[in-house]
2 protein chains.
Amino acid sequence: MKPKVSIITLGVADLETSLRFYRDGLGLPTHDYEDGASIVFFELEGTWLSLYPLEKLRDEAEVEWSAGGTQTITLARNVGSPAEVDATLAEAEQAGAAIVKPAEPTFWGGYSGYFSDPDGYLWEVAHNPFTDLT
Amino acid sequence: MKPKVSIITLGVADLETSLRFYRDGLGLPTHDYEDGASIVFFELEGTWLSLYPLEKLRDEAEVEWSAGGTQTITLARNVGSPAEVDATLAEAEQAGAAIVKPAEPTFWGGYSGYFSDPDGYLWEVAHNPFTDLT
(Lines give C-alpha, C1' and ligand atoms only; values in the text may rest on other atoms or scores of the structure.)
Protein backbone atom coordinates (compact mmCIF):
# COMPACT_ATOMS: atom_id res chain seq x y z
CA MET A 1 0.00 0.00 0.00
CA LYS A 2 1.33 3.40 -0.92
CA PRO A 3 2.20 5.18 2.32
CA LYS A 4 -0.46 7.87 2.26
CA VAL A 5 -3.76 8.62 3.93
CA SER A 6 -5.96 10.40 1.41
CA ILE A 7 -8.85 11.47 3.64
CA ILE A 8 -9.71 11.44 7.34
CA THR A 9 -13.48 11.29 7.78
CA LEU A 10 -15.08 12.25 11.07
CA GLY A 11 -18.53 10.87 11.76
CA VAL A 12 -20.44 13.82 13.24
CA ALA A 13 -23.71 14.18 15.12
CA ASP A 14 -24.74 17.38 13.32
CA LEU A 15 -23.15 18.29 10.01
CA GLU A 16 -24.11 21.97 10.17
CA THR A 17 -22.63 22.44 13.64
CA SER A 18 -19.38 20.78 12.63
CA LEU A 19 -19.23 22.70 9.36
CA ARG A 20 -19.54 25.98 11.21
CA PHE A 21 -16.84 24.94 13.64
CA TYR A 22 -14.28 23.86 11.07
CA ARG A 23 -15.09 26.26 8.23
CA ASP A 24 -16.15 29.42 10.02
CA GLY A 25 -14.39 28.89 13.34
CA LEU A 26 -11.07 27.38 12.33
CA GLY A 27 -11.08 28.73 8.80
CA LEU A 28 -10.53 25.45 6.96
CA PRO A 29 -11.21 25.71 3.20
CA THR A 30 -14.04 23.56 1.86
CA HIS A 31 -13.82 21.76 -1.47
CA ASP A 32 -16.80 22.12 -3.84
CA TYR A 33 -19.21 22.52 -0.96
CA GLU A 34 -22.76 23.68 -1.62
CA ASP A 35 -25.36 24.39 1.04
CA GLY A 36 -27.25 21.29 1.97
CA ALA A 37 -24.68 18.83 0.69
CA SER A 38 -24.62 15.61 2.69
CA ILE A 39 -20.84 15.54 3.10
CA VAL A 40 -18.20 18.20 3.55
CA PHE A 41 -14.64 17.99 2.28
CA PHE A 42 -11.87 20.29 3.45
CA GLU A 43 -8.97 20.60 1.06
CA LEU A 44 -5.98 20.51 3.37
CA GLU A 45 -2.28 20.24 2.73
CA GLY A 46 -1.51 16.55 2.64
CA THR A 47 -4.40 14.49 3.87
CA TRP A 48 -7.87 15.97 3.43
CA LEU A 49 -10.48 16.14 6.18
CA SER A 50 -14.14 15.34 5.67
CA LEU A 51 -17.28 15.47 7.78
CA TYR A 52 -20.08 12.97 7.33
CA PRO A 53 -23.13 12.30 9.48
CA LEU A 54 -22.35 9.52 11.92
CA GLU A 55 -25.36 7.41 10.97
CA LYS A 56 -24.55 7.62 7.27
CA LEU A 57 -20.94 6.71 7.89
CA ARG A 58 -22.01 3.64 9.80
CA ASP A 59 -24.43 2.60 7.10
CA GLU A 60 -21.81 3.24 4.45
CA ALA A 61 -19.18 1.05 6.04
CA GLU A 62 -21.75 -1.62 6.96
CA VAL A 63 -19.95 -2.28 10.19
CA GLU A 64 -21.40 -3.61 13.39
CA TRP A 65 -20.59 -0.76 15.72
CA SER A 66 -19.70 -1.92 19.15
CA ALA A 67 -20.68 0.20 22.13
CA GLY A 68 -17.25 -0.36 23.58
CA GLY A 69 -15.79 2.95 22.69
CA THR A 70 -12.27 1.88 23.42
CA GLN A 71 -10.83 3.25 20.21
CA THR A 72 -9.21 6.63 20.30
CA ILE A 73 -7.70 8.75 17.59
CA THR A 74 -6.10 12.14 17.93
CA LEU A 75 -5.33 14.55 15.12
CA ALA A 76 -2.28 16.69 15.61
CA ARG A 77 -1.62 20.16 14.24
CA ASN A 78 2.07 20.92 14.65
CA VAL A 79 3.01 24.58 14.74
CA GLY A 80 6.23 26.56 14.79
CA SER A 81 6.55 27.69 18.41
CA PRO A 82 5.05 27.42 21.89
CA ALA A 83 3.48 30.85 21.38
CA GLU A 84 1.80 29.56 18.25
CA VAL A 85 0.44 26.61 20.23
CA ASP A 86 -1.15 29.04 22.67
CA ALA A 87 -2.54 31.18 19.86
CA THR A 88 -3.99 28.18 18.01
CA LEU A 89 -5.67 26.85 21.15
CA ALA A 90 -7.11 30.31 21.80
CA GLU A 91 -8.41 30.43 18.23
CA ALA A 92 -10.02 27.03 18.66
CA GLU A 93 -11.60 28.03 21.95
CA GLN A 94 -13.01 31.15 20.34
CA ALA A 95 -14.44 28.93 17.62
CA GLY A 96 -16.29 26.96 20.27
CA ALA A 97 -13.84 24.17 21.05
CA ALA A 98 -13.43 22.83 24.55
CA ILE A 99 -9.87 23.06 25.86
CA VAL A 100 -9.41 19.61 27.33
CA LYS A 101 -5.75 20.09 28.29
CA PRO A 102 -4.15 23.52 28.46
CA ALA A 103 -0.79 23.74 26.76
CA GLU A 104 2.26 22.83 28.78
CA PRO A 105 5.77 21.49 28.28
CA THR A 106 5.72 17.79 27.41
CA PHE A 107 7.91 14.99 28.68
CA TRP A 108 9.43 14.58 25.22
CA GLY A 109 10.72 18.14 25.11
CA GLY A 110 7.91 19.80 23.21
CA TYR A 111 4.92 21.91 24.16
CA SER A 112 1.34 20.92 23.55
CA GLY A 113 -2.30 21.12 24.53
CA TYR A 114 -5.56 19.51 23.43
CA PHE A 115 -8.93 20.76 22.32
CA SER A 116 -12.03 18.84 21.32
CA ASP A 117 -14.39 19.60 18.46
CA PRO A 118 -18.21 19.63 18.72
CA ASP A 119 -18.31 15.82 18.69
CA GLY A 120 -15.49 15.42 21.17
CA TYR A 121 -12.85 14.48 18.60
CA LEU A 122 -9.46 15.32 20.00
CA TRP A 123 -6.95 17.65 18.41
CA GLU A 124 -3.48 18.10 19.81
CA VAL A 125 -1.78 21.40 19.06
CA ALA A 126 1.92 20.87 19.44
CA HIS A 127 5.30 22.41 18.99
CA ASN A 128 7.96 19.81 18.30
CA PRO A 129 11.43 21.34 18.14
CA PHE A 130 12.95 18.10 16.82
CA THR A 131 10.78 17.14 13.85
CA ASP A 132 9.22 19.76 11.61
CA LEU A 133 5.71 18.77 10.61
CA THR A 134 4.35 22.29 10.50
CA MET B 1 -5.35 27.51 11.87
CA LYS B 2 -3.26 26.44 8.92
CA PRO B 3 -5.27 23.86 6.99
CA LYS B 4 -3.16 20.82 7.68
CA VAL B 5 -3.26 17.74 9.86
CA SER B 6 0.31 16.87 10.85
CA ILE B 7 -0.21 13.48 12.46
CA ILE B 8 -3.02 10.99 12.96
CA THR B 9 -2.43 8.98 16.12
CA LEU B 10 -4.22 5.70 16.68
CA GLY B 11 -4.54 4.50 20.24
CA VAL B 12 -3.76 0.79 20.07
CA ALA B 13 -4.22 -2.14 22.43
CA ASP B 14 -0.89 -3.75 21.58
CA LEU B 15 1.86 -1.72 19.99
CA GLU B 16 3.81 -4.71 18.69
CA THR B 17 0.78 -6.22 16.97
CA SER B 18 -0.12 -2.94 15.31
CA LEU B 19 3.50 -2.28 14.32
CA ARG B 20 3.69 -5.66 12.61
CA PHE B 21 0.43 -5.00 10.80
CA TYR B 22 1.31 -1.56 9.47
CA ARG B 23 5.06 -1.95 8.97
CA ASP B 24 5.45 -5.57 7.97
CA GLY B 25 1.97 -6.22 6.58
CA LEU B 26 1.14 -3.00 4.77
CA GLY B 27 4.72 -1.91 4.24
CA LEU B 28 4.46 1.56 5.76
CA PRO B 29 7.87 3.17 6.41
CA THR B 30 8.68 3.94 10.05
CA HIS B 31 10.47 7.10 11.10
CA ASP B 32 13.41 6.72 13.50
CA TYR B 33 11.90 3.63 15.07
CA GLU B 34 13.99 1.50 17.39
CA ASP B 35 12.89 -1.77 18.96
CA GLY B 36 11.09 -1.18 22.19
CA ALA B 37 10.22 2.45 21.55
CA SER B 38 6.94 3.47 23.19
CA ILE B 39 5.54 5.17 20.10
CA VAL B 40 5.77 4.47 16.38
CA PHE B 41 5.74 7.08 13.65
CA PHE B 42 5.16 6.27 9.99
CA GLU B 43 6.48 8.86 7.59
CA LEU B 44 3.70 9.09 5.02
CA GLU B 45 3.09 11.47 2.16
CA GLY B 46 1.15 14.36 3.62
CA THR B 47 -0.13 13.56 7.08
CA TRP B 48 1.93 11.11 9.14
CA LEU B 49 0.45 8.17 11.02
CA SER B 50 1.47 7.17 14.51
CA LEU B 51 0.68 4.34 16.89
CA TYR B 52 0.57 4.85 20.63
CA PRO B 53 -0.69 2.55 23.40
CA LEU B 54 -4.29 3.42 24.15
CA GLU B 55 -3.74 3.87 27.87
CA LYS B 56 -0.81 6.19 27.34
CA LEU B 57 -2.75 8.23 24.82
CA ARG B 58 -5.56 8.65 27.30
CA ASP B 59 -3.20 9.67 30.07
CA GLU B 60 -1.40 12.03 27.74
CA ALA B 61 -4.52 13.90 26.69
CA GLU B 62 -5.89 13.87 30.26
CA VAL B 63 -9.38 13.39 28.95
CA GLU B 64 -12.24 11.70 30.68
CA TRP B 65 -12.95 8.91 28.25
CA SER B 66 -16.59 8.14 27.97
CA ALA B 67 -17.75 4.61 27.35
CA GLY B 68 -20.18 5.92 24.78
CA GLY B 69 -18.24 4.93 21.73
CA THR B 70 -20.35 7.01 19.38
CA GLN B 71 -17.40 8.61 17.64
CA THR B 72 -16.24 7.13 14.40
CA ILE B 73 -13.37 8.00 12.14
CA THR B 74 -12.41 6.35 8.89
CA LEU B 75 -9.11 6.73 7.08
CA ALA B 76 -9.27 6.55 3.32
CA ARG B 77 -6.61 5.35 0.93
CA ASN B 78 -7.59 6.45 -2.56
CA VAL B 79 -6.10 4.47 -5.41
CA GLY B 80 -6.08 4.72 -9.18
CA SER B 81 -8.55 2.09 -10.31
CA PRO B 82 -11.14 -0.43 -9.14
CA ALA B 83 -8.60 -3.19 -9.76
CA GLU B 84 -6.19 -1.40 -7.44
CA VAL B 85 -8.91 -1.25 -4.79
CA ASP B 86 -9.28 -5.02 -5.00
CA ALA B 87 -5.53 -5.52 -4.88
CA THR B 88 -5.09 -3.23 -1.89
CA LEU B 89 -7.87 -4.97 0.04
CA ALA B 90 -6.29 -8.32 -0.76
CA GLU B 91 -2.94 -7.03 0.47
CA ALA B 92 -4.54 -5.82 3.70
CA GLU B 93 -6.31 -9.13 4.22
CA GLN B 94 -3.04 -10.97 3.73
CA ALA B 95 -1.52 -8.67 6.33
CA GLY B 96 -4.18 -9.80 8.79
CA ALA B 97 -6.87 -7.17 8.31
CA ALA B 98 -10.55 -8.07 8.49
CA ILE B 99 -12.47 -7.19 5.35
CA VAL B 100 -15.53 -5.52 6.81
CA LYS B 101 -17.08 -4.55 3.48
CA PRO B 102 -15.96 -6.13 0.22
CA ALA B 103 -15.38 -3.64 -2.57
CA GLU B 104 -18.35 -2.67 -4.70
CA PRO B 105 -19.55 0.24 -6.81
CA THR B 106 -20.66 3.15 -4.62
CA PHE B 107 -23.72 5.37 -4.91
CA TRP B 108 -21.48 8.35 -5.72
CA GLY B 109 -19.97 6.70 -8.76
CA GLY B 110 -16.82 5.29 -7.28
CA TYR B 111 -15.72 1.87 -6.09
CA SER B 112 -14.71 1.08 -2.53
CA GLY B 113 -14.44 -1.41 0.29
CA TYR B 114 -13.42 -1.35 3.94
CA PHE B 115 -10.96 -3.20 6.08
CA SER B 116 -10.24 -2.91 9.78
CA ASP B 117 -6.87 -2.97 11.49
CA PRO B 118 -6.01 -5.04 14.60
CA ASP B 119 -7.86 -2.55 16.83
CA GLY B 120 -10.88 -2.28 14.57
CA TYR B 121 -9.94 1.08 13.08
CA LEU B 122 -11.60 1.42 9.73
CA TRP B 123 -9.83 2.03 6.47
CA GLU B 124 -11.71 2.66 3.26
CA VAL B 125 -9.92 1.74 0.06
CA ALA B 126 -11.52 3.72 -2.72
CA HIS B 127 -11.32 4.62 -6.36
CA ASN B 128 -12.79 8.05 -7.01
CA PRO B 129 -12.84 8.84 -10.74
CA PHE B 130 -13.78 12.49 -10.06
CA THR B 131 -11.21 13.73 -7.56
CA ASP B 132 -7.64 12.48 -7.62
CA LEU B 133 -6.35 11.96 -4.09
CA THR B 134 -4.13 9.02 -4.95
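Structural remarks
- Between helix A:82-94 and chain A there is an angle of about 40 degrees, using the helix long axis and the longest principal axis of the Cα atoms.
- Global size of the range B:7-61 as Cα Rg and Dmax, reported in angstrom: 10.6, 29
- Whole-number Å³ per residue for the convex hull built on Cα positions in the protein assembly as shown: 115 Å³
- Here chain B exposes an accessible surface that is 48 percent carbon and sulfur, computed with a 1.4 Å probe and the other protein chains kept in place.
- The range B:41-56 residues near the modelled B:E34 label - backbone nitrogen below 17 Å, point 7 Å along Cα→Cβ: B:41
- A 1.4 Å probe over all protein chains sorts A:W48, A:W108 by accessible area into A:W108, A:W48, starting with the largest.
- Chain B packed on chain A takes about 5600 Å² of accessible surface away from a 1.4 Å probe, both sides summed.
- Heavy-atom accessible surface of A:F130, to the nearest 10 Å², is about 150 Å², with a 1.4 Å probe and all protein chains retained.
- Residue order by solvent-accessible surface for A:I39, B:I8 is A:I39, B:I8, largest first, with ligands and nucleic acids left out and a 1.4 Å probe.
- Where labels lie 7 Å past Cα in the beta-carbon direction, separation of A:D132 and A:W108 in nm: 1.9 nm
- Here A:S38 yields copy-to-copy label distances, from shortest upward, of 4.5 nm, the label point defined as 7 Å from Cα along Cα to C-beta.
- Pair A:T17, B:T17: separation of 7 Å Cα→Cβ label points (nm): 3.3 nm
- Other copies of B:E104: label-to-label distances in nm, shortest first, labels 7 Å along the beta-carbon direction: 5.0
- Candidate aspartates and glutamates - alpha carbon under 14 Å from B:K56, same-chain residues fewer than 8 apart omitted: B:D14, B:E64
- When chain A is treated as a Gaussian network with alpha carbon springs shorter than 10 Å, the biggest mean-square fluctuation among A:A92, A:A103, A:A83 belongs to A:A83.
- With DNA, RNA and ligands ignored, accessible area of B:E93 (1.4 Å probe; Å², nearest 10): 110 Å²
- Taking every DSSP helix (H) stretch of at least 4 residues in chain B, weighting each as -39,500 (n - 2.57) and dividing the sum by the residue count yields a mean residue ellipticity at 222 nm of -5500 deg cm²/dmol.
- For A:K4, the lysines whose Cα comes closer than 18 Å to its Cα, not counting residues fewer than 8 places off in the same chain, are B:K4.
- With the whole protein complex present, A:D59 retains an accessible surface near 110 Å², based on a 1.4 Å probe.
- Excluding ligands, DNA and RNA, the accessible surface per residue across the protein assembly as shown is 44 Å² with a 1.4 Å probe.
The values are calculated or read from the model by the stated rules, or taken from the named source; none is laboratory data. Since the structure is predicted, the reported quantities are computational estimates derived from the model, not experimental observations. Virtual Cβ from ideal backbone geometry, glycine too; neighbours counted across all protein chains shown. Just the protein is used for accessible areas: all its heavy atoms, side chains included, with ligands, DNA and RNA removed. Shrake-Rupley method; radii C 1.70, N 1.55, O 1.52, S 1.80 Å.
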